[in-house]
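The values are calculated or read from the model by the stated rules, or taken from the named source; none is laboratory data. What you are looking at is a predicted structure, and each value in this text was computed from that prediction instead of being measured. Cβ coordinates were reconstructed from backbone atoms using ideal geometry, including for glycine residues, and neighbour counts include every protein chain displayed. All accessible areas refer to the heavy atoms of the entire protein, side chains included, with ligands and DNA or RNA removed. Shrake-Rupley method; radii C 1.70, N 1.55, O 1.52, S 1.80 Å.
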Amino acid sequence: MSMSTSTSTPGLAQALDRMEQAGVSRPARDTFARHYENLAAGATGLIAEADVEPALPAAHLDQVQVTEEEAAEALGATAVITLNGGLGTSMGLAGPKSLLPVRGDLTFLDITVRQVLALRERYGVRLPLTFMDSFSTREATLEVLARYPDLEVPGLPLDFLQSQEPKLRADDLTPVTWEADPGLEWCPPGHGDLYPSLLASGLLDRLLEGGFRYAFVSNVDNLGAVPDGRVAAWFAASGAGFAAEVCRRTEMDKKGGHLVRRRADGRLVLRDTAQTAEEEMVHFMDGEKHPYVNTNNLWFDLERLRAMLAERDGVMELPLIRNAKTVDPKDKASTPVVQIESAMGSAVELFDDAASVAVTRDRFVPVKTTNELALLRSDVYAVDDTSYRLRRTVDPAPVVDLSKEHYGMIGDFDERFPAGVPSLVEAERLEVQGDWRFGRDVRVVGGAVLGPEGGTVEDGTTLGAS
């Protein structure tokens, strides 16, 4: 639906007023205003298949030769920023997703911190680690980080806050009111908010003043995203202002975003599912046509970023993602709203020399569902005791497809795997259609399908073996 600026202006004024009262920074308010104007003018943010062509990586990491000295020099100029704003509500979590145990008692947060501490020791570098928290995750995160007194780098904070914005009524684009839970009137602006928040928090200036030239950014729920010395050295040598890591798409990545090249100007562009029309999803998910998936592991030049933000008055005009929801995500009958979002990876199109590098699958282990959590908790992965890097024990990884009804929420998942996930190193596929409870020492060999009738998988069972 398009609407004239005159009808939408009151909504924008109300939204900006709410944001100012809530203490949202000026760069974030200005960015929201730009997106709002585009939305009110009828922008959908959709990227048509006819307007783009597949983009192949500029380099392949397994062919990049790097010495230990080059790796150390590049990491010495790098700061690590980890996105940690999510609550994991889609998996039934009440607290930060990063505090979910994933390997024994170790959480995403524990492993991320230990990976960085191990790299500091190996290369003798400062390698600061800072988390971009939300209002919902900050307190619990900092409480856990207090257990790691060596983590903080003098002069730099352990975290900074992402901003927030009002959800907009779908009918007139005014800020929604929800008296049952006023907290639901707000939403995060997507991780494209990284850039104005880096600026507004002062962290961007502090990093540059501290002698850091590059930033490596990733999601906290991707434990493969170690700030690797090989990638750091490749990026430093490339001279590019921005680079995205991509990897070969698998069956479990069908809906993953990917980089494409815009036909109009030849620039790299990030396309996500929310930017793809329903009838074009068949092209979006075509692994032959678009064989690489975006990992959301990003590298950028801090000086170039600061110059770009200064030139644009703090606004990185990233492509709009128009997300249609209900104000209470658990209540589909509640008021329909639009959430204005942007993706940090879409900044790729603002840099004329942006590049992508193909990395191996061990750098992309996202956990968005309990299917992926099952893989991560299984013997398909091992964690090194010294570096805390994940290592996959089999290639390719098996496909896990668990009934969302019975395993989609973490409480239900844990209840059905009381002794842990079965051994999957000999598996090709595990599909669980019904409500099954698993005993201990269960193995899956080849392919196994458990039907909708449900039941118990006894201790010591081998599934799938003929």
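Do the alpha carbons of any pairs in K167/K289; K167/K404; K167/K368; K97/K289 sit beyond 25 Å of each other, and which pairs? The pairs that break the limit, which is 25 Å between Cα atoms, are K167/K289; K167/K404; K97/K289. Across the chain, the fraction of Cα-Cα pairs farther apart than 30 Å, rounded to a whole number, is 48%. Selection among N297, S403, T177 by position relative to the dipole of the chain gives N297 as farthest towards the positive end (Cβ unit charges, Cα centre).
For the stretch 282-353, the set of chymotrypsin sites (Phe, Trp or Tyr not before Pro) satisfying both a DSSP loop assignment and a count of at most 11 other C-beta atoms within 10 Å is empty. Expressed as a fraction of 2.2 N^0.38 Å, the C-alpha radius of gyration for the stretch 1-147 is 1.48. Heavy-atom accessible area with a 1.4 Å probe sorts L16, L302, largest first, into L16, L302. Taken about its Cα centre, the chain carries a charge dipole of roughly 320 debye when the Cβ of each Lys and Arg holds +1 and the Cβ of each Asp and Glu holds -1. Ligands, DNA and RNA excluded, the heavy atoms of S197 present near 10 Å² of accessible surface to a 1.4 Å solvent probe. For the chain, the relative contact order works out to 19 percent when only alpha carbon pairs closer than 8 Å and six or more residues apart are counted. In a simple Cβ point-charge model (Lys, Arg +1; Asp, Glu -1; nothing else charged), the stretch 89-229 has a dipole of about 620 debye relative to its Cα centre. Residue order by solvent-accessible surface for D105, D401, D51 is D105, D51, D401, largest first, with ligands and nucleic acids left out and a 1.4 Å probe. Per atom type, the chain shows carbon and sulfur on 48% of its accessible surface, probed at 1.4 Å. Solvent-accessible surface of the chain, averaged per residue with a 1.4 angstrom probe and all protein chains in place: 43 square angstrom. Counting only heavy atoms of the protein chains and using a 1.4 Å probe, R306 has close to 90 Å² of accessible surface. With the whole protein complex present, V449 retains an accessible surface near 90 Å², based on a 1.4 Å probe. Over the stretch 277-425, with a single point scatterer placed on each C-alpha, what log10 of the ratio I(q)/I(0) does the Debye formula yield at q = 0.17 1/Å? The computed values of log10 I(q)/I(0) come out as -1.26. Subtracting the Cα-Cα distance of Q65 and Q433 from their residue separation scaled by 0.36 nm leaves 127.9 nm. For the stretch 244-267 versus the stretch 78-135, the spacing of their alpha-carbon centroids is 25 Å. Run the numbers on the stretch 259-349 and let me know its relative contact order in percent, using alpha-carbon pairs under 8 Å that are six or more apart. This gives 28 percent for the stretch 259-349. In the chain, the calculated helix contribution to ellipticity at 222 nm averages -7500 deg cm²/dmol per residue, counting -39,500 (n - 2.57) for every DSSP H run with n ≥ 4.
Here the stretch 219-302 is assigned +1 on the Cβ of each Lys and Arg and -1 on the Cβ of each Asp and Glu. Its dipole about the Cα centre then comes out at about 280 debye.
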